[in-house]
Amino acid sequence: MKTIFDQEIRLLLIHRIEQINDSHKAKWGKMNVFQMLMHNTYWNGWVLGTGDHSYKQAFLGKIFGKIALKKMIKDEKPFDKNIPTSDQFKPKALAGNLEAEKAKWIDLIKAYETYNNPKFIHDFFGKMTKEQIGILVYKHTDHHLRQFGL
C-alpha cells in the first residue's frame, strides 16, 4: 500500500506538485488550481497538527466513520471523483500566490518524515492508526493531483 510515510512516495508526490501551474484546470470538482493548493496546505496542516486546530469527530462519523475508512483505504483504488469535503476545508480565496502555496504544500509533505500528532482525530473517520493516516494522506494527495491532470 502506498503511504506518505515512504520517502520515495513523498519525493514522487513533490515532483508532481512542482509541475502545477496556472494553466492546470480541474477535471472534476469546483475548485480552481489555487484553491486546490490552499485546500491541501490547510488539510495537511490539520493532519500534521501545525497551527491551531481542533479535533472532533462528527456525529455521523461516529456511526459510519470506521466502515467508510476501511472501504477507502482497503486497496490501491484511488478516491472517487467529487467526494464531499467538510466546510472547514473549502477555501474562500479564488486567487493568490501560486508558487508560495506550492512551496507550503511541499514543506508539509516533507514534514511527514517526522510525523507525530497523537491528538489527531479525523472529523469523520475518528481516531486513526499511523498506518491508516499514511495511506489516507497519500490517497488524498494523489486524488487532488489527478483532479488537475498530474
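All of the numbers you see were taken from the coordinates with simple rules; none came from a lab. Nothing here was measured: the structure is a model prediction, and the numbers come from that model. With ideal geometry, Cβ positions are generated from the backbone for all residues, glycine too; neighbour counts draw on all protein chains shown.
Listing for the model above:
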quantity: In region 36-60, the residues that are farther than 25 Å from F148 by Cβ and touching a residue at least 24 places away in the same chain (Cβ under 8 Å); calculated: G49, Y55, K56, Q57, A58, L60
quantity: Of all residues making up region 78-105, the number that are within 20 Å of I4 (Cβ to Cβ) and part of a helix (DSSP H, G or I); calculated: 6
quantity: Any pair with Cβ under 8 angstrom, 6 or more apart, that starts in region 72-100 at a residue that is in contact (Cβ under 8 Å) with a residue 40 or more places away in the chain and ends at one that is part of a loop (DSSP other than H, G, I, E, B) and of a type in the set (V, I, T); calculated: L98/I20
quantity: Selection within region 61-105 - of a type in the set (A, V, I, L, M, F, W, C) and crowded, with 17+ Cβ neighbours inside 10 Å; calculated: L69, M72, I73, W105
quantity: Selection from region 43-60 of residues that are among the aromatic types (F, W, Y), over 13 Å from the mean Cα position of the chain (by Cα) and surrounded by 13 or more Cβ atoms within 10 Å (Cβ to Cβ); calculated: Y55
quantity: Residues satisfying the stated conditions in region 26-71, i.e. aliphatic (A, V, I, L, M), assigned to a loop (DSSP other than H, G, I, E, B) and under 21 Å from K119 (Cα atoms); calculated: A58
